[in-house]
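Down below is the structure, laid out as structure tokens.
The values are calculated or read from the model by the stated rules, or taken from the named source; none is laboratory data. Only a predicted model underlies this, so the values are computations on that prediction, with no experimental measurement involved. Note that we place each Cβ from the backbone using ideal geometry, even for glycine, and neighbour counts take in every protein chain shown. SASA here: full protein model, heavy atoms, side chains in, ligands and nucleic acids out. Shrake-Rupley method; radii C 1.70, N 1.55, O 1.52, S 1.80 Å.
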Amino acid sequence: MSSSGAELDPAARLLDLAIVGGTVVLPSGAVSTNVGIADGVIAAIGTEPMQARHSLDAAGMLVLPGGLDSHCHLDQQPWEGRSSADDFRSGTLSALCGGNTSIIPFAMQMRGQSLRAIVADYHQRARKAHIDYAFHLVIGDPTREVLEHELPELIEQGCTSIKLFLTYEGLKLDDYEFLSVLEIARRHGLMIMVHAENDACIRWLTERLLAQRKTQLRYHVAAHPAVGEREATYRAIALAELIETPILIVHVSSATVVDEIRRAQARGLPVYAETCPQYLFLCAEDIDTGDLSGAKCVCTPPPRERANQPAMWQGILDGTLSVFSSDHSPFNYTDKIAAGADTCFHRVPNGIPGIETRLPLLFSAACHDGRLSLERFVEITTTIPARLYGLYPRKGVIAVGSDADLAIWDPHQRRVIRNELLHHAVDYTPYEGMSVQGWPITTISRGEIVFADGQPLSSAGRGRFLPCQRPFAARAQPGAHLSG
């Protein structure tokens, strides 16, 4: 009997790969054990000897499930005249070098477009992926044709999560449209993700700031205030409560929004929430620079003042924020400051890179001082997203029968983050110069070693599309053993 509880005699068969001697993070806890892989899946977990064609000695290392970055933007259609720096080739290469084995980017429909056509195009773009991927759908034009015909077809193809925007021209929905999509989500058992900012508030403030010739980068933060994020979050929660369907608030940036979500969860509402590295490791002061370098940290919602960070950490520690993603939205610095010295805050493309640094930043900051256990680190970066988006237990866990997606970490390796060491196609990282301890040294995707000894070993196009099941949250209440 293996330590996972599955009946298996690993000595009775020849495995493809055995990972031996490491500390393996299982759903039941971190234990010293071995992991055997055959035909791309985990075939054995146990302390007994394993016969394998190849063996990896993981003594002194941690063996974690490969990370699942459930919020990233790759090779989206050009938006506001700008194209993202990373396509599926470079973006997924960067992801796997950071210990990730699955991603979920966005097939983004805007006003006047066919959602079906957008998804078909995105499948073609994704054929260059190094690792496995699913799709979130962005619905920016919820016409009857989209909701009644195109969407049901895409659900059957395995697209079971939808992102809705409450701001951005060409994407934002009014309350009636928002309710219409929520109704469809309830009918089909889908997860709704919400970009929650008050659009009118942003437009009103931006107009007045520009009228006063306040164009410096720091006014980006002023034009996207926390109160606008809080109002939109409350509104989204209220409308979801009316329809009685779960929602997930993405990229939460503010302590007041954390409080709003916490209150909703305390009332038993199926409200989930995500935050990202920029809200723990960057702050408004990083945007307010004497030169244009602050554009490297411009995203929406923006990083808040440094005093906001402890409340964000508390949201992670108490479970209010149950997902930690990168929101990798890669625009080159040269594109961000294309207007040169006259670059106005509202003309800087919103988004920053982070797909490769997401896991090391959190691991270094939270696991070494004991703020997060290894089990909790795995849950918020991998297991809970897999459950919420219908990929568990194929992804997100080390268990017999699951895909052999693993990352071997050296918890003592120290690195200073430098853009030249990363594998994305972006000309900067906002985390330049930050020191971290702990780094993934080997990444295994479906049993294949795709990264080792600092070198990518993968080939573009080996990634597979992941049809998602109905999300866990559509079948459960908040806190209902998402991590168990």
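Things to note:
- Computed from the Cβ-Cβ distance with R0 of 41 Å, the FRET efficiency linking Ala452 to Arg82 stands at 0.70.
- Loop trypsin sites (Lys or Arg not before Pro), the stretch 99-178 (other Cβ atoms within 10 Å of the site Cβ: 16 or fewer; DSSP): Arg111
- For the stretch 124-183, the Kirkwood hydrodynamic radius from C-alpha pairs, put into Stokes-Einstein at 10 °C and a viscosity of 1.306 mPa s, yields a diffusion coefficient of 124 µm² per second.
- Relative to the current alpha-carbon distance between His188 and Thr334, full extension at 0.36 nm per residue lengthens the span by 48.3 nm.
- The H on the amide N of Ala85, modeled in the peptide plane, is under 5 Å from the matching H of Phe331, Asn332, each at least 5 residues off or on a different chain.
- Taken over the alpha carbons of the stretch 51-189 as equal point scatterers, the Debye sum produces base-10 log I(q)/I(0) values at 0.09 Å⁻¹ of -0.34.
- Asp291-Gln437 FRET efficiency (beta carbon distance; Förster radius 51 Å; 0.05 resolution): 0.95
- Centre-to-centre separation between the Cα atoms of the stretch 25-45 and those of the stretch 101-136: 31 Å.
- The stretch 440-458 and the stretch 289-362: distance between their alpha carbon centers, rounded to Å: 28
- Within the shell of other residues whose beta carbon sits under 14 angstrom from the beta carbon of Ile261, the net charge comes to -2, with Lys and Arg scored +1 and Asp and Glu -1.
- Loop-located GluC sites (Glu not before Pro) in the stretch 249-331, at most 14 other Cβ atoms within 10 Å (DSSP): Glu305
- Mean accessible surface per residue for the chain, computed with a 1.4 Å probe while every protein chain stays in place, in Å²: 37
- Between Leu26 and Val31, the built amide H atoms are under 5 Å apart, and every one of these is 5 or more places off in sequence or on another chain.
- Globularity index of the stretch 179-261 is 1.29 (Cα radius of gyration / 2.2 N^0.38 Å, N = number of residues).
- Sites matching trypsin sites (Lys or Arg not before Pro) across the stretch 260-297 that sit in DSSP coil, with at most 15 neighbouring C-beta atoms within 10 Å: Arg267
- Stokes-Einstein translational diffusion, the chain - Kirkwood Rh over all Cα pairs, 1.306 mPa s, 10 °C, in µm²/s: 70
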